[in-house]
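One structure below.
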Amino acid sequence: MHNDRITRRTAAAMVSAAAVMQAQTPATELLWPEGAPGAVGTEELDKPALTTYVAAKPNGAAVLVCPGGGYGALAMDHEGKQIADWYNALGVSAFILKYRLGPRYRHPAPLDDARRAMRMIRERALKLGIDPARVGVMGFSAGGHLASTLSTHFQQGERPDFAVLCYPVISFTTRYTHSGSMRNLLGAPPDPALVWDLSNELKVTAETPPTFLFHTNADTGVPPENSILYYMALRRVGVPAEMHIYAEGRHGVGLAQKDPVLSTWPDRLKDWLKVRGFVR
């Protein structure tokens with residue numbers, strides 16, 4: 001009898017361990033298995049995809065992660081996988097977006113990919129232990145521009161419930177523009193109407209989701225004025241926002257794990273997510 005109890009306990013532990021393993025094993029699927037709209041070929045560059053990192057102990061929240069790279073590349077490790085692992089440790093499931101890039105693709109391809117990804121997450125939410133009303137977006141650099149574009153240009157069913165923007169590209173109409181991102185997204189010369197439409201500090205409304213912003217004063221790649229302009233726009237319409245600008249730190253630091261000061265910014269994000277009710 002005693003041995004039977006041990007056997008049952010061991011079997012239950014094995015099942016539990018298998019469930020955790022399954023939750024922590026990322027799965028990648030194409031956003032459009034039959035081909036993305038406007039695809040110009042069938043190479044990997046033409047196949048936007050979503051990689052799922054389900055938290056081992058999900059708390060119901062989820063986030064769509066948009067890595068940066070100037071709309072010409074994707075930093076899938078330090079602005080993708082490492083971020084997903086960080087969220088998973090908090091019980092938040094994460095979805096890393098591989099979106100289409102310039103110069104092969106221009107606007108609206110990246111936004112189409114982000115919109116499709118948000119709809120897919122919500123369609124699969126209950127199956128993955130996610131509350132469809134607790135799904136946010138996070139982006140770094142040009143990925144921050146994409147995240148802010150989704151936050152200000154969403155359609156029905158696509159609005160993020162929160163946004164996290166890390167050293168984001170925001171403005172295309174000021175001297176703080178990151179010209180490389182704008183060129184890859186809009187071409188050269190860009191359509192003036194799109195320049196204004198995608199300068200996202202100009203598109204913030206009361207419906208824009210609550211937003212956390214992180215930047216550094218020393219960022220010469222994407223000046224911190226990008227975050228400041230967006231924060232001021234959020235303030236003007238009463239959207240809850242929090243912004244942290246650290247004195248030192250280069251552009252593209254990710255979690256900044258080797259910097260004893262800058263590496264504290266994820267703690268500030270965790271605090272904000274607690275205040276907003278997305279983590280405990």
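I need the full set of residues from the range 103-123 which are surrounded by fewer than 22 Cβ atoms within 10 Å (Cβ to Cβ), outside any helix (DSSP H, G or I) and in contact (Cβ under 8 Å) with a residue 40 or more places away in the chain, in order please. Passing the criteria: Pro103, Arg104, Arg106, His107. Against the test of being at pLDDT 95 or above, among the polar types (S, T, N, Q), farther than 22 Å from Val65 by Cβ and buried (at least 17 other Cβ atoms within 10 Å of the Cβ), the options Ser171, Ser227 yield a single qualifying residue, Ser171.
Mind listing just one residue for me: the one in the range 66-82 that is aliphatic (A, V, I, L, M) and in contact with a Pro (Cβ under 8 Å, 6 or more places away or on another chain) and, of those, modelled with the lowest pLDDT? Can you show your working first?
Taking the range 66-82 as the starting set, the residues that turn out to be aliphatic (A, V, I, L, M) are 73-76.
Still in the list and also in contact with a Pro (Cβ under 8 Å, 6 or more places away or on another chain): 74-76.
Working: Leu74: 98, Ala75: 96, Met76: 93.
The residue in question is Met76.
Residues of the range 130-179 that are polar (S, T, N, Q) and not in a helix (DSSP H, G or I): Ser141, Gln155, Gln156, Ser171, Thr173, Thr174, Thr177.
So which residues in the range 75-99 are outside any helix (DSSP H, G or I) and surrounded by 22 or more Cβ atoms within 10 Å (Cβ to Cβ)? Steps first, answer last, please.
As a first pass, look at the range 75-99 and keep what is outside any helix (DSSP H, G or I): 75-76, 90-99.
Result: Val92, Ser93, Ala94, Phe95, Ile96, Leu97, Lys98, Tyr99.
The values are calculated or read from the model by the stated rules, or taken from the named source; none is laboratory data. Computed from a prediction, not measured in an experiment: that's the story for all the values here. A quick note on method: Cβ atoms are made from the backbone with ideal geometry, for glycine too, and the neighbour counts reach across all protein chains shown.
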